[in-house]
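Only one structure is covered here, and it is reproduced in the block below.
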Amino acid sequence: MMTAHDPLLAGGTAADQRPHAIVIGAGFGGLAAAVRLGARGYRVTVLEKLDQPGGRASQFRQDGFTFDAGPTIITAPFIFEELWELCGRKLSDDVSLVSLDPFYTVRFDDGREFRASANDAAMEAEIAKFSPDDVAGYRSYLLESERCFKAGFLGMIDKSYASIGSMVRALPDLVMRRADRSVYKLVSKYIRNEQLRQALSFHPLFIGGNPMRSSGVLSLISYLEREYGVHYAKGGTHSLVQGIVKLIAGQGGKIRTGAEVGQITVHNGRATGVRLENGETIPAAVVVSNADAGWTYSKLLGNHPRKRWTDRKIARAKYSMSLFVWYFGINRRYEDVPHHTVMMGPRFAGLLHDIFDAKHLAEDFSLYLYRPSASDASMAPEGCDSFYVLAPVPNLDGETDWESMAEPYRRRIEAHLSATVLPGFEDHVVTSKVMTPADFRDRLLSLKGAAFGIEPVITQLAWFRPHNASEEVENLFLVGAGTHPGAGLPGVVSSAKILDKVVPHASTVN
Ligand SMILES: Cc1cc2nc3c(=O)[nH]c(=O)nc-3n(C[C@H](O)[C@H](O)[C@H](O)COP(=O)(O)OP(=O)(O)OC[C@H]3O[C@@H](n4cnc5c(N)ncnc54)[C@H](O)[C@@H]3O)c2cc1C
């Protein structure tokens, strides 16, 4: 874990004459942006409000246990590899990625389990275990998923959509055809068994989307997992953060933690730098914001008039769900609990409706249980297990008072885990911490406490998202979950790649 005093966070010298670029926020999007800008000749300063880089991917240690605060499932490692290549290095020089197989277990409320893996024969056996009649449909579904991957991932993820015309021209037919059909509907076209439909369609939740209305193109995740694997970074996801921080230091870039930006300074319609909450002003040739996109426009641009992202439009946008996360360490081990378990609740469509539409905190829940100590002894003291369990919950447009609900909700989850996969564990909990939607709002400055920014629905994708080159102010650029292409590690790291297309090379800046 990195602290404000870590030598890797210092860097850059006063004699450095390269044009200055500021990145607001050290999430994965901001850190990847810093590497891209450094590789294009800028002297980069990343300004981070919190006491460590990583944003949602921060890490904390408590009572001898190590906890990844956020992302745990690493897909598409080639997207990270590119950052290391830009610095003349290899990802494996700094980070030890381990591929997991099986990827994860989906456990249904009736106790049945589906193990997803890269092995075709094993996957077909799992499908047949639930429904032999669905094996042929599964094969066809995989082909559809591959087509979606080629068009929707390779074809779109790192493209800039500055005009609606550019989006329409770029959108391949396939995307247009699949865009109106949800992931769940697309899977249902091929698969009849309801539990298999859920196991193959829940993935949009990883990026803040509702499987019942996220574009069918997101079925590409099945192919992405199968082709490129599901990985774990030894030491936790934060070791990837530390690796990128090292790249930035190697480029002579600088990361300042505990530095909250209060305003982006603008002169004649052009971003000129930032003003910190402590009053310090820092000029820059280029400003990139990795802060929440809605926050960037509604709070950081002060009174600068906005044509597109007005307060009204920001307030009326659809935001992703939030998350309730309980991190806990226990003084015993549950060897048969895998690294990743998705625990489906008794309802699928109904629960999603409660979370995304009714914004009502339901009595039931679906959970994701993370046990990194299954694969990495460094995450917990000897003989112990470190866990987090998360539940998708309504964002703060709902009326849940998390101050009073956090503990009763945690207890409900505890009782459920004890009754299912972790019998008797509650007597062994030795360390505990929760994160609620209020933390997303107050700590990470996310509008409505949304865990994944603006929801990925068809009317809020590509050109319809906040653009990577700001529509409001020249010389301001946006990266991260709230902008194009969207949330999730592959998405936010790709948003930084788009900077190569829209930010002028430092050699052309005076
Ligand atoms: C619990 C959880 C589990 C997840 N699991 C996965 C997963 O398994 N796989 C996956 O791919 N994705 C996962 N995600 C999604 C993924 O973590 C996020 O989409 C991604 O990390 C967001 O990156 P970002 O670049 O948008 O920045 P963020 O992580 O949102 O960071 C933005 C940073 O900007 C800082 N900031 C904001 N405003 C200011 C300001 N005014 N001044 C200075 N700094 C500021 C914040 O403090 C923060 O550090 C998960 C998310 C969560 C919350």
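The values are calculated or read from the model by the stated rules, or taken from the named source; none is laboratory data. Since we're looking at a predicted model, the values are computed, not measured. Ideal geometry is used to build each Cβ from the backbone, glycine not excepted, and the neighbour counts take in all protein chains shown. Note: accessible area is taken over every heavy atom of the protein model, side chains too, but ligands, DNA and RNA are not part of it. Shrake-Rupley method; radii C 1.70, N 1.55, O 1.52, S 1.80 Å.
The alpha carbon centroids of segment 298-345 and segment 365-408 are separated by 13 Å.
Taking the chain as the reference, fit the longest principal axis to its C-alpha atoms, fit the long axis of helix 238-250 to the helix C-alpha atoms, and give the angle between the two in degrees, 0 to 90, nearest 10. Taking Cα atoms only, the helix is inclined about 20 degrees. Stretching Lys150 away from Thr281 to a fully extended chain increases their span by 42.7 nm, per 0.36 nm per residue minus the current alpha-carbon distance. Separation of the alpha carbons by more than 18 angstrom is noted, of Lys318/Lys433; Lys159/Lys299; Lys90/Lys234, for Lys318/Lys433; Lys159/Lys299.
Mean residue ellipticity, 222 nm, helices only, the chain: the sum of -39500 (n - 2.57) across DSSP H runs of n ≥ 4, divided by residue count and rounded to 500, is -8500 deg cm²/dmol. Please state the relative contact order of the chain as a whole percent: Cα pairs under 8 Å, 6+ residues apart? RCO, the chain: 23 percent. Split the chain at each of the GluC sites (Glu not before Pro) in a DSSP loop with at most 13 other beta carbon atoms within 10 Å, and the longest piece is 1-276.
Straight-distance candidates among the aspartates and glutamates for linking to Lys49, with alpha-carbon spacing under 19 Å and chain neighbours fewer than 8 residues away dropped: Asp6, Asp68, Glu260, Glu277, Glu280, Asp292, Asp439, Asp442. The listed residues Lys185, Lys234, once ranked by accessible area (1.4 Å probe) with the largest placed first, stand as Lys185, Lys234. Just going by the charge dipole of segment 224-266, with Lys and Arg at +1 and Asp and Glu at -1 on Cβ, which of His238, Ala249, Gln263 is farthest out on the positive end? Selected residue: Ala249.
With respect to the chain, whose longest principal axis is taken over its alpha-carbon atoms, helix 135-148 is tilted by about 0°.
Which angle between 0 and 90 degrees, to the nearest 10, do you get for helix 402-419 versus the longest principal axis of the chain when only C-alpha atoms count? Rounded to the nearest ten degrees, it is 40. Sorting Leu417, Leu447 by accessible area puts them as Leu447, Leu417; the probe is 1.4 Å, largest comes first, and only protein heavy atoms count.
When the charge dipole of the chain is built from unit charges on Cβ atoms (+1 for Lys and Arg, -1 for Asp and Glu) and taken about the Cα centre, the candidate among Pro423, Tyr368, Leu499 whose Cα reaches farthest toward its positive end is Leu499.
Packing order of peptides 196-208, 456-468, highest average first: 196-208, 456-468 (average count of other Cβ atoms within 10 Å over each peptide's residues).
The solvent-accessible area of Leu47, taken with every protein chain present and a 1.4 Å probe, is close to 0 Å². Modelled spin labels at Glu260 and Ser96, positioned 7 Å past Cα toward Cβ, are 3.8 nm from each other.
Relative to one another, the C-alpha centroids of segment 26-99 and segment 475-510 are positioned 15 Å apart.
At a probe radius of 1.4 Å, what is the per-residue accessible area of Leu86, in Å² to the nearest 10? Its accessible surface works out to 70 Å², give or take rounding. Other residues whose C-beta falls under 14 angstrom from the C-beta of Arg115 contribute a net charge of -3, scoring Lys and Arg +1 and Asp and Glu -1.
By a 1.4 Å probe calculation restricted to protein chains, Met405 has an accessible surface near 50 Å², given to the nearest 10.
What you get for the chain, charging only the Cβ of Lys and Arg (+1) and of Asp and Glu (-1), is a dipole of about 1780 debye around the Cα centre. Taking amide hydrogens as placed 1.01 Å from N in the peptide plane, the amide H of Ser322 sits under 5 Å from those of Val393, Asn395, Ala451, each at least 5 positions away in sequence or on another chain.
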